[in-house]
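Engineer: Below is the structure I would like to discuss, written out as structure tokens.
The values are calculated or read from the model by the stated rules, or taken from the named source; none is laboratory data. All values reported here derive from a predicted model rather than from experimental measurement. In this analysis, Cβ positions are derived from the backbone assuming ideal geometry, glycine residues included, and neighbour counts consider all displayed protein chains.
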């Protein structure tokens, strides 16, 4: 099994809370910033398998840890900019291509970061995503800030939205985007929301995207690994055989998509 190296990151010293995993034997060709969902945990379980595939992976928490906001509310997008800059500087690779991968609520952050810090992001992967900015959880109010200003948001999930300002402008992402969605999602309608984003791209003449929709998969699809660590899933998230099969199909496709970003440079 391929070796890996790990760095532990903390706000007081690094500006972010997370873990950086890199391939042990060779320099990575591409990096990934991993952003989790409303559970608040950094998706570090993905970092090591990505590193074993030759990818530098930084997983970050963005609330619920020391030095971070208590809940998913008023999260400054500049925090993720710090993470992207740290990923490249730690590896001394200023031109390393980087993908942002966001799960569930983290999909909002992934798209917003790619839009507002376009020079730092080469591609985006979103799993069980939203097509719009949703309010803070569970307290309400704005979830995301840009330079201290709250971004417009909806109190309801999509795919339709009364306020067009809350719709994610996915067409402004520089580079390709992959959507991984579950049509049997019990948390929110990630299938229709992913389709809405893909349709928005096509309507604007943009075809550098890939949409994977799994008819019988639940929200647990978004965790991606075919076999998940014990205790990872919240109790309210079902993981039937169809969802595990969907992850087994999606995972290698996501890895290949990430690696293709380096090949396309």
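Engineer: Would you mind stating whether residue 222 is within 16 Å of residue 105 (Cα to Cα) and exposed (fewer than 15 other Cβ atoms within 10 Å of the Cβ)?
Structural biologist: The answer is no for residue 222.
Engineer: Do you know which of the residues in the range 216-233 that are outside any helix (DSSP H, G or I) and in contact (Cβ under 8 Å) with a residue 60 or more places away in the chain is farthest from residue 55 (Cα to Cα)?
Structural biologist: 232
Engineer: If I ask for residues that are in contact with a helix residue (DSSP H, G or I) (Cβ under 9 Å, 6 or more places away or on another chain), in a loop (DSSP other than H, G, I, E, B) and closer than 18 Å to residue 188 by Cα, which ones from the range 121-151 would you list?
Structural biologist: Those that are in contact with a helix residue (DSSP H, G or I) (Cβ under 9 Å, 6 or more places away or on another chain), in a loop (DSSP other than H, G, I, E, B) and closer than 18 Å to residue 188 by Cα: 128, 129, 130, 131, 133, 143.
Engineer: Still on this structure, I have one more. In the range 9-36, how many residues are touching a strand residue (DSSP E or B) at 6+ places or on another chain (Cβ under 6 Å) and in a strand (DSSP E or B)?
Structural biologist: 13
Engineer: Can you pull out every residue in the range 85-113 that is in contact with a helix residue (DSSP H, G or I) (Cβ under 8 Å, 6 or more places away or on another chain), surrounded by 24 or more Cβ atoms within 10 Å (Cβ to Cβ) and assigned to a helix (DSSP H, G or I)?
Structural biologist: 109, 111, 113
Engineer: If the requirement is being surrounded by 15 or more Cβ atoms within 10 Å (Cβ to Cβ) and touching a strand residue (DSSP E or B) at 6+ places or on another chain (Cβ under 8 Å), which of these qualifies: 196, 181?
Structural biologist: Result: 181 is the single residue among 196, 181 that is surrounded by 15 or more Cβ atoms within 10 Å (Cβ to Cβ) and touching a strand residue (DSSP E or B) at 6+ places or on another chain (Cβ under 8 Å).
Engineer: Look through the range 234-253, keep the residues that are in contact with a helix residue (DSSP H, G or I) (Cβ under 9 Å, 6 or more places away or on another chain) and in a helix (DSSP H, G or I), and return whichever of them is nearest to residue 186 (Cα to Cα).
Structural biologist: 243
Engineer: Something else: Filter the range 120-170 down to the residues that are within 22 Å of residue 214 (Cβ to Cβ) and touching a residue at least 60 places away in the same chain (Cβ under 8 Å) and list them by number.
Structural biologist: The answer is 123, 125, 126, 127, 128, 129, 130, 131, 132, 168.
Engineer: Please work out if residue 191 is crowded, with 19+ Cβ neighbours inside 10 Å, out of contact with any helix residue (DSSP H, G or I) (no Cβ under 9 Å at 6 or more places or on another chain) and at pLDDT 95 or above.
Structural biologist: Answer is yes for this residue.
Engineer: Within the range 44-71, restricting attention to residues that are without any contact (Cβ under 8 Å) to a residue 40 or more places away in the chain and outside any helix (DSSP H, G or I), which residue is surrounded by the fewest Cβ atoms within 10 Å (Cβ to Cβ)?
Structural biologist: Ranking the candidates gives 70 first.
Engineer: Name, by its number, the condition in (1) farther than 10 Å from residue 35 by Cβ; (2) within 9 Å of the chain's Cα centre (by Cα) that does not hold for residue 132.
Structural biologist: Condition (2) is where residue 132 drops out.
Engineer: If you take the residues of the range 15-41 that are within 14 Å of the chain's Cα centre (by Cα) and surrounded by fewer than 23 Cβ atoms within 10 Å (Cβ to Cβ), which of them is farthest from residue 5 (Cα to Cα)?
Structural biologist: By that ranking, first place goes to 38.
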